[in-house]
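J.: Before we start, here is the structure in question, set down as structure tokens.
The values are calculated or read from the model by the stated rules, or taken from the named source; none is laboratory data. Note that this is a predicted model, so its numbers are computed, not measured. Here the Cβ positions follow ideal geometry from the backbone for every residue, glycine too, while neighbour counts run over all protein chains shown.
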Amino acid sequence: MQDGTAGAMRLRFWGVRGSLPSPGAGTQIFGGNTCCVELCCGPHLLMLDAGTGARGLGDALVAGGGPVSVDLLLSHSHLDHIAGLPFFAPIYQNGTRLRIWGGHLGRGGLEAALDRSWSAPLMPDLRRMFRAELRFEEFRQGSVLQVQPGLRVTTAALRHPGGCTGYRVEWQDKVVAYATDTEHKPGDLDPNVLHLARDADVLVYDASYEEAEFASHLGWGHSTWQHAVRLAEVAGVRRLVLFHHEPGRDDMALAKIEQQAAARRPGTLAAREGMMIEL
């Protein structure tokens with residue numbers, strides 16, 4: 001949560017899975033919730049996606065007391081990245097300010113898509129129950145956003161069905177890059193992802209597959225941990241975090257991937273729920 005320290009930048013992972021939640025005995029270490037990352041930049045609170053992990057973040061914010069101001073940077077609006085919003089407790093509190101940013105749907109598309117997910121027949125009519133002040137901020141991919149004073153966010157289009165946006169967040173002299181739901185071309189480094197990741201302190205990257213699985217998933221819009229390592233090396237990333245874990249991958253398999261990736265690039269981590277990184 002926000003600590004008010006002007007120079008502090010901190011990541012906390014609340015959901016690390018892709019595609020759908022995967023609770024169970026085999027996922028207790030790395031977690032089974034879908035994508036949601038808390039990013040504190042001094043006094044400013046960002047959310048990177050709002051999958052089912054957003055429920056835990058919202059509960060923690062409410063327990064911290066007082067209304068909150070949050071900027072939600074959505075990569076895209078597939079269900080595994082927005083399913084937690086109706087269960088994000090601060091959205092039902094007076095005084096909450098929630099700005100939702102998106103660049104993948106075109107003008108008017110972001111609010112319409114989210115409204116559809118909050119409405120019959122998919123859900124009850126939830127929007128009338130929300131008490132937060134909601135704002136929708138749409139942008140062209142490739143734009144640089146001034147989300148808060150001194151907080152610079154660079155955006156780029158990613159390779160994913162239906163479109164997706166990656167983010168580079170710069171605060172003071174620290175950089176966090178977030179590129180999930182992106183598919184690489186074999187033998188190619190995506191210039192958009194390289195642009196986001198260049199010299200980043202932390203790169204959070206889609207590592208759904210292993211290289212042996214990749215050929216059978218072409219067109220699905222995801223990448224591999226091996227490619228993540230290559231990309232991080234070329235981009236000069238200080239810390240690589242593997243993310244968007246395949247839902248059928250249990251803790252033992254993820255621990256093995258983390259070990260293999262760290263052997264190739266020391267310091268590499270596989271994201272797990274509750275993990276914190278301070279910069």
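J.: Would you kindly identify the strands (runs of 3 or more DSSP E) lying entirely within region 164-279 that contain at least 1 residues that are surrounded by fewer than 16 Cβ atoms within 10 Å (Cβ to Cβ) and in contact with a helix residue (DSSP H, G or I) (Cβ under 9 Å, 6 or more places away or on another chain)?
T.: Fully inside region 164-279 and qualifying: nothing.
J.: Counting just the residues of region 32-48 that are in a loop (DSSP other than H, G, I, E, B) and closer than 16 Å to Gly274 by Cα, which one comes out nearest to the chain's Cα centre (by Cα)?
T.: That would be Cys35.
J.: Hey, any hits in region 73-82 for a residue that's of a type in the set (Asp, Glu) and more than 20 Å from Arg135 (Cα to Cα)?
T.: yes
Residues are listed down the side, and each one gets a yes or a no for (1) among the basic types (Lys, Arg); (2) surrounded by 24 or more Cβ atoms within 10 Å (Cβ to Cβ):
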{"residue": "Arg12", "(1), (2)": "yes, no"}
{"residue": "His44", "(1), (2)": "no, no"}
{"residue": "Gln93", "(1), (2)": "no, no"}
{"residue": "Gly102", "(1), (2)": "no, yes"}
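J.: For the structure I just gave you, tell me whether Val147 is among the β-branched types (Val, Ile, Thr), touching a helix residue (DSSP H, G or I) at 6+ places or on another chain (Cβ under 7 Å) and touching a residue at least 12 places away in the same chain (Cβ under 8 Å).
T.: Considered against the rule, which asks whether it is among the β-branched types (Val, Ile, Thr), touching a helix residue (DSSP H, G or I) at 6+ places or on another chain (Cβ under 7 Å) and touching a residue at least 12 places away in the same chain (Cβ under 8 Å), Val147 comes out as no.
J.: When you scan region 171-203, how many residues do you find that are among the basic types (Lys, Arg) and either closer than 26 Å to Asp80 by Cα or modelled with pLDDT under 95 (or both)?
T.: Count: 1.
J.: I need a count of the residues in region 10-30 that are assigned to a loop (DSSP other than H, G, I, E, B) and over 26 Å from Trp171 (Cβ atoms).
T.: Selection size over region 10-30: 10.
J.: Which residue pairs have Cβ atoms closer than 7 Å, lie 6 or more positions apart in sequence or on different chains, and pair a first residue in region 211-226 that is among the polar types (S, T, N, Q) with a second residue that is part of a helix (DSSP H, G or I)?
T.: Matching pairs, first to second residue: Thr224/Glu211; Thr224/Phe214; Gln226/Glu211.
J.: What's the number of the condition Gly66 fails, among (1) free of Cβ contacts under 8 Å to residues at least 40 places away in the same chain; (2) small (Gly, Ala, Ser); (3) farther than 23 Å from Val147 by Cβ?
T.: So the condition that Gly66 fails would be (3).
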